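The values are calculated or read from the model by the stated rules, or taken from the named source; none is laboratory data. If you're wondering where the values come from, they're calculated on a predicted model, not measured in any experiment. So basically every Cβ, Gly included, is an ideal-geometry build from the backbone, and we count neighbours across all protein chains shown. Heavy atoms of the whole protein, side chains included, go into the accessibility calculation; ligands, DNA and RNA do not. Shrake-Rupley method; radii C 1.70, N 1.55, O 1.52, S 1.80 Å.
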Amino acid sequence: QVQPIESGGGSVQAGGSLTLSCAASGLAFYSVGWFRQAPGKDREFVARISSSGVMTNYRNSMKGRATISRDNDKDTVTLQMNSLKPEDTALYYCGVQTKGGLVGDPANFGSWGPGTQVTVSS
């Protein structure tokens, strides 16, 4: 069973950058998604990368500000985020895609990690 661990969160000022990492043995065999959840809100899609790394998807508000990539030799998936905004503040999770369907639907993902906190101050 894949058990991802996220890292790289932190506190930054608006306009700053963070790089999040998701690591797990066996991660290379799965499409992986990054999602986030702010207090009192539903978990929402951020980005997703196919197992080969060829296909990527982003939520509209992150296009041009985020890059998802992977290193299958190291079983890691990275999310580089730039020009961060206060509204990006949330707990960020990675999960493996376990079902087909919409890549932005968290119900199609599983094996969630514990999350890493991203806080952006204005």
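A few remarks follow.
- Selection of first residues in the stretch 3-23 that are touching a residue at least 12 places away in the same chain (Cβ under 8 Å) and of second residues that are charged (D, E, K, R) and in a loop (DSSP other than H, G, I, E, B), restricted to Cβ pairs under 7 Å at least 6 apart or on distinct chains, gives the following pairs, ordered by first then second residue: A14/K85; A23/D75.
- Number of residues in the stretch 84-122 that are of a type outside the set (V, I, T), assigned to a strand (DSSP E or B) and farther than 16 Å from S61 by Cα equals 9.
- Selection within the stretch 33-61 - in a strand (DSSP E or B), in contact with a Ser or Thr (Cβ under 8 Å, 6 or more places away or on another chain) and over 20 Å from T119 (Cα atoms): R48, I49, T56
- Any hit, the stretch 98-109, residues being of a type in the set (D, E) and in contact (Cβ under 8 Å) with a residue 24 or more places away in the chain: yes
- Residue match in the stretch 81-90 (condition: of a type in the set (S, T, N, Q), open to solvent by 50 Å² or more (accessible area, probe 1.4 Å) and in contact with a helix residue (DSSP H, G or I) (Cβ under 6 Å, 6 or more places away or on another chain)): no
- Screening the stretch 1-42 for residues that are surrounded by 18 or more Cβ atoms within 10 Å (Cβ to Cβ) and under 17 Å from T89 (Cα atoms) and picking the one that is nearest to the chain's Cα centre (by Cα) gives W34.
- Pairs with Cβ under 7 Å, 6+ apart, first in the stretch 111-122 and under 7 Å from E6 (Cβ atoms), second surrounded by fewer than 19 Cβ atoms within 10 Å (Cβ to Cβ) and at pLDDT 95 or above: G113/I5; G115/L91; T116/S7; T116/G8; T116/G9
- Members of the stretch 91-114 that are open to solvent by less than 20 Å² (accessible area, probe 1.4 Å) and not β-branched (V, I, T): Y92, C94, G95, N108, F109, G110, G113
- Criterion: of a type in the set (S, T, N, Q) and under 18 Å from I5 (Cα atoms) - qualifying residue of T56, T76, T89: T76
- Test result for I49, more than 25 Å from S11 (Cβ to Cβ), of a type outside the set (S, T, N, Q), open to solvent by less than 60 Å² (accessible area, probe 1.4 Å) and in contact (Cβ under 8 Å) with a residue 24 or more places away in the chain: yes
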